[in-house]
Amino acid sequence: MIIGAGYVGLTTGLALAYVGHKVDVIEKNKEKLNKLKSKTSPIYEKGVQELIELVKDNINFWEKPDEVIKEAEIVIIAVGTPPKKNGEADLSYLEDAIRDILKKINLEKDYTLAIKSTVPIGTNNKIDNIIKEFYREKGIESKIHLASNPEFLREGMALYDTLYPDRIVIGSLSAKAISDLQELYKPILQQTFTPPSFINKPNAFNLPHLIITDPTSSEMIKYAANAFLALKISFINEIAGLCEKVGANIKDVARGIGTDKRIGISFLNAGIGWGGSCFPKDTLALLEFAKEIGYNMPIVSAAREVNQRARKAVIDKLKTYYGDLREKTIAVLGLAFKPGTDDVRESPALDIIKILLNEGAKVKACDPVALQNAKKAIGINEKINFFTNPYEAVEGVDAAIFATEWPEWANLDFVKLASKMRTRLFIDGRNFYEPEEVKKAGFTYMGVGR
Ligand code: UGA
């Protein structure tokens with residue numbers, strides 16, 4: 001049984017159903033639940049719709065755990081832990097989920113309970129105490145075997161990362177929980193399933209590592225992994241800024257350092273910085289947690305600072321060209337925080353739009369799938385118009401900022417774009433295009449660090 005049908009819960013549920021398990025997914029949100037019940041994906045995520053149809057005999061969706069908790073053997077909690085105003089993780093959904101389970105649990109039966117939600121360090125131990133107390137009050141020994149089981153999937157690649165992970169981490173002090181989860185993930189650990197035709201197994205894929213540790217270390221792995229990836233991007237963005245000052249090319253520099261196996265080439269794409277529901281939230285939560293226990297984390301702090309600077313750098317580029325942005329109209333191409341998703345949470349594009357509006361500019365915002373979420377996030381503003389077609393979005397603009405590297409925009413017709421724009425200024429916030437290609441169409445091209 002999985003509680004929560006967000007990106008993590010739903011994709012984990014579908015992947016586990018695909019490899020042969022019987023899965024029940026609990027989702028409180030009625031709109032989402034109705035969609036799932038009618039075999040429609042509530043999220044924009046590669047392969048999810050296909051898999052919902054393919055595994056329909058192995059997966060069921062419910063509003064409450066009541067009807068299925070008694071039969072369940074393993075319960076995975078994958079509810080959201082969004083940031084509160086002060087940056088701390090809001091654990092109320094997690095607490096609700098635990099309460100709902102305890103209310104209906106079969107007291108005679110053993111359960112393995114895996115916490116997949118990203119939770120502050122120490123949460124698993126606190127939950128363990130709550131559960132033990134619950135059983136103590138009933139005068140019986142706890143039959144819930146707790147484990148921390150973080151996820152490492154990327155939005156847009158969620159099913160791929162779930163079926164072909166680098167590692168599976170189990171943090172538990174219970175031998176039963178460890179062996180249950182090992183058994184659950186066995187088809188993935190041993191790659192014994194036939195890959196779905198629409199989520200191909202990568203070439204030269206090594207079997208995933210299995211990392212068994214204590215709950216606190218497991219929680220730490222999740223935060224440390226995200227913080228490290230975030231700072232890797234911020235590092236390359238910091239170097240990109242220096243490249244601009246001295247005329248070096250960040251693409252070559254990234255390749256030059258990334259081919260060193262100790263560094264690695266991935267997550268060295270310089271650009272307008274990282275967004276999404278994970279890196280911003282998790283780095284902030286880590287800092288808050290560290291502050292609470294009186295520990296200074298200057299590296300994580302600097303990663304966040306550099307990330308904000310990356311967004312502002314785009315505006316500075318526009319200003320070096322125009323001086324003043326009042327009455328200028330700027331197209332922002334790409335609103336999702338990364339391609340492959342309609343998620344705009346903490347999207348660098350939205351921050352850039354906010355700054356542009358504050359500077360008095362008008363904005364033409366464009367995205368192939370994230371418009372609905374973007375409109376909700378930005379709210380009504382007469383100075384912004386929305387488009388799905390980039391050629392329509394750039395009509396009469398004074399510059400275009402390219403913010404999300406949608407693959408469907410890989411072959412933009414720059415001559416056509418140029419013919420529509422008032423001024424041919426193209427700021428490639430993702431270093432997605434060959435500068436020469438863009439310049440050939442008469443553009444002034446500005447990338448990040450090149
Ligand atoms: C991230 C991690 O990559 C996952 O391993 C983790 O499970 C997930 O957070 C989570 O905690 O749930 P996600 O936020 O979905 O996944 O997406 P990423 O692919 O990591 O991208 C994050 C941001 O970094 C995006 O805005 C992306 O554009 C940016 N990025 C990424 C760069 O600017 N440069 C890069 O080289 C890579």
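Structure summary
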{"read-out": "Label-point separation in nm, Asp324 to Phe193, each point 7 Å along Cα→Cβ", "value": "6.0 nm"}
{"read-out": "For Ile3, distant residues with modelled amide H under 5 Å away", "value": "Ile26, Ile76, Ile77, Ala78"}
{"read-out": "Mean Cβ neighbour count within 10 Å, used as a protection proxy, ranking 115-125, 85-95, 331-341 highest first", "value": "331-341, 115-125, 85-95"}
{"read-out": "Whole-Hz couplings from phi, Karplus 6.51/-1.76/1.60, listed for the range 415-424; x for Gly and Pro", "value": "5, 5, 4, 4, 5, 8, 8, 6, 10, 8"}
{"read-out": "Efficiency of FRET from Cβ geometry, Glu88 and Tyr135, R₀ 22 Å, rounded to 0.05", "value": "0.20"}
{"read-out": "Among the listed pairs Lys70/Lys104; Lys103/Lys138; Lys64/Lys103; Lys85/Lys222, those beyond 18 Å (Cα-Cα)", "value": "Lys85/Lys222"}
{"read-out": "5 angstrom amide H check on Ile168, placed H, neighbours 5+ away", "value": "His209, Leu210, Ile211"}
{"read-out": "Mean residue ellipticity (222 nm) of the chain, computed from DSSP H runs ≥ 4 via -39,500 (n - 2.57), nearest 500", "value": "-13000 deg cm²/dmol"}
{"read-out": "Label-point separation in nm, Lys291 to Asp316, each point 7 Å along Cα→Cβ", "value": "2.5 nm"}
{"read-out": "The chain, dipole about Cα centre (Lys/Arg Cβ +1, Asp/Glu Cβ -1), debye to the nearest 20", "value": "800 debye"}
{"read-out": "Value of relative contact order over the chain, rounded to a whole percent, pairs C-alpha under 8 Å and six or more apart", "value": "12 percent"}
{"read-out": "On Cα atoms only, tilt of 298-322 relative to the major axis of the chain in degrees", "value": "30 degrees"}
{"read-out": "Estimated distance in nm for a label pair at Asn106 and Lys186, the labels positioned 7 Å out from Cα along Cα-to-Cβ", "value": "2.1 nm"}
{"read-out": "In the range 223-361, lysine pairs closer than 22 Å at Cα, eight or more apart or cross-chain", "value": "27"}
{"read-out": "Relative contact order (%) - criterion: Cα under 8 Å, at least six apart; region: the range 279-446", "value": "19 percent"}
{"read-out": "Vicinal HN-Hα couplings computed from phi for the range 70-79 (Karplus, 6.51 cos²θ - 1.76 cosθ + 1.60; Hz; Gly/Pro x)", "value": "5, 7, 5, 10, 10, 10, 10, 9, 9, 7"}
{"read-out": "Label-reachable residues, the range 1-32, where backbone N falls under 11 Å from a point 7 Å from Glu67's Cα toward its Cβ", "value": "none"}
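A short reminder: the numbers here are calculations on the coordinates, not readings from a lab. Keep in mind it's a predicted model, so treat the numbers as computed, not measured. Glycine gets a Cβ as well: all are built from the backbone with ideal geometry, and neighbour counts include every protein chain shown.
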